[in-house]
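The values are calculated or read from the model by the stated rules, or taken from the named source; none is laboratory data. These figures come from a predicted structure and were not determined experimentally. Cβ placement follows ideal geometry from the backbone for every residue including glycine, while neighbour counts extend to all protein chains displayed.
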Amino acid sequence: MKPKAQYNFNKLHKRLRHSVGRAIADFNMIEEGDKIMVCLSGGKDSYTMLEILQNLQKSAPVNFQLVAVNLDQKQPGFPEHILPAYLEDLGVEYKIVEEDTYGIVKEKVPEGKTTCALCSRLRRGIIYRTAKEIGATKIALGHHRDDILETLFLNMFFGGKMKSMPPKLVSDNGEHVVIRPLAYCREKDIIPFAEHKGFPIIPCNLCGSQENLQRQSVKAMLSDWDKRFPGRIETMFRAMQNVVPSHLADHQLYDFASIEATGAPVEDGDTAFDNETFASQPVNKDINAGERLEIIEVS
């Protein structure tokens, strides 16, 4: 590798490592003695997560153990030899769980319908069961910052909720702590990192491309914003970390009913009639004055 290319890769690696370390610290994701089940799908994100966690393990102020776990869903043509060979070379403890979720999904879901929901539920149950079997204290998933933002917009547009994927949460059955170490990492950093490392990517062919999924539409929208308005994605993610319940409209989250005037100034009170000022962002000259949010067509 040429010196400049190596320099750029080192910067990229350092940036990802710093982002993962910061997320771990901010949310207390990893503690002394943790046994972390790293869910390895065979995609770029989970490979990157395992690589960075292994790297941090060498210098972390606490001791923790990593166990890579892959679910072989018995998809036709699945290259079942790739992950074991890769993990053997890596020298990491691992477990391959074999479950025919492919057969179940194909049996239950009509041809042409989205398989993601059922597939997800089946995988989640198997992951929880496996974590219990191996004595894992944490389950690490490879969702990154872009996944988190996409989920926020999906819930707003189609679910009527201000909800996303938190960097840390308790599992549905209440028995496990789930963490997302890549929560601060950008997908556009993960892609070149994975390409440089030459990870043996295994595509998920269970559902085909399913390009008309709602998530694909939201992903395209955010990608377009990122290109036309640099910095917007970062600002939106910061907003998720800077929530002001008193200035939203959830009466179950904030006690609006008991609000009374006290005669004393209130910090961050009503600014609805003030002229808000925001830092300007670069505007594409091809766009008409006033940005236009187009309706997303979904099937």
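Residues in the stretch 98-111 that are within 16 Å of residue 39 (Cβ to Cβ) and exposed (fewer than 15 other Cβ atoms within 10 Å of the Cβ): 1 in all.
When the stretch 226-282 is examined, which residues are found to be at pLDDT 75 or above and among the acidic types (Asp, Glu)? First the steps, then the outcome.
Initially, the stretch 226-282 is screened for residues at pLDDT 75 or above, giving 226-266.
Across the stretch 226-282, the qualifying residues are 226, 234, 250, 255, 260.
The set of residues from the stretch 117-146 being crowded, with 20+ Cβ neighbours inside 10 Å and within 15 Å of the chain's Cα centre (by Cα) comprises 139, 140, 141, 142, 143, 144, 145, 146. Please verify whether the stretch 179-196 includes one or more residues that are surrounded by 19 or more Cβ atoms within 10 Å (Cβ to Cβ), modelled with pLDDT of 90 or more and either of a type in the set (Gly, Ala, Ser) or under 20 Å from residue 119 (Cβ atoms) (or both). Yes, the stretch 179-196 has at least one match.
Which of the residues that make up the stretch 31-51 are over 17 Å from residue 127 (Cβ atoms) and surrounded by 23 or more Cβ atoms within 10 Å (Cβ to Cβ)?
At the first step, the residues of the stretch 31-51 found to be over 17 Å from residue 127 (Cβ atoms) are 31-33, 44, 47-48, 51.
Result: 47, 48.
Checked against (1) surrounded by 13 or more Cβ atoms within 10 Å (Cβ to Cβ); (2) among the hydroxyl-bearing types (Ser, Thr, Tyr); (3) at pLDDT below 95; (4) under 27 Å from residue 188 (Cα atoms), residue 59 passes all but condition (1). Close Cβ contacts (under 6 Å, 6 or more residues apart or on different chains) running from residues in the stretch 56-69 that are more than 15 Å from residue 181 (Cα to Cα) and touching a residue at least 12 places away in the same chain (Cβ under 8 Å) to residues that are polar (S, T, N, Q) and surrounded by 11 or more Cβ atoms within 10 Å (Cβ to Cβ) comprise 69/130.
The listed residues are 142, 135, 159, and the only one of them that is touching a residue at least 24 places away in the same chain (Cβ under 8 Å) and either of a type in the set (Phe, Trp, Tyr) or out of contact with any Phe, Trp or Tyr (no Cβ under 9 Å at 6 or more places or on another chain) (or both) turns out to be 135.
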